[in-house]
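The values are calculated or read from the model by the stated rules, or taken from the named source; none is laboratory data. All of these numbers come straight from a predicted model, not from anything done at the bench. Cβ placement follows ideal geometry from the backbone for every residue including glycine, while neighbour counts extend to all protein chains displayed. Protein only, heavy atoms only, side chains kept; ligands, DNA and RNA dropped before computing areas. Shrake-Rupley method; radii C 1.70, N 1.55, O 1.52, S 1.80 Å.
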Amino acid sequence: MTEPTSSPLAEGRWLWRRLYAFLASCALLWLLANAIDRIEPEDLPPIASGLMGLLALTVILYLVAPTAQQLMVLVADLRSHRVRGGAR
C-alpha cells in the first residue's frame, strides 16, 4: 500500500486560513443580509459597499496568499541558481 503524498503547494496545508476565510465571508454576508432588513434605504448603499469591500478583500487575500508564497520560492530558486553560476 502506498502512502498518500502531500501536495507540493502550501495551500493544501493551510486549514486555519481556509477556515478563517470561510467564517469571515459568512459573517460579512450575514451582516449584509441583516443590514438590508434593518437600515433605512437611503443609508444602505455606503454600508453595503463597505461590507462588500471587506468581503472582496478577504477573498483576494485568500486567493493571493498561496501565489505570494510560490513567488517567494521562485525568487529564492532564481537566487540560488545565480549563486551557483547558472547559465544566463
The condition from (1) at pLDDT 75 or above; (2) outside the structural domain of residue 73 (by the TED database); (3) within 24 Å of the chain's Cα centre (by Cα) that residue 12 misses is numbered (1)
Of the conditions (1) open to solvent by 60 Å² or more (accessible area, probe 1.4 Å); (2) at pLDDT 75 or above, residue 27 fails just one. Which one is it? (1)
Criterion violated by residue 68 - all others in (1) out of contact with any Ser or Thr (no Cβ under 9 Å at 6 or more places or on another chain); (2) outside any loop (DSSP other than H, G, I, E, B); (3) at pLDDT 75 or above satisfied: (3)
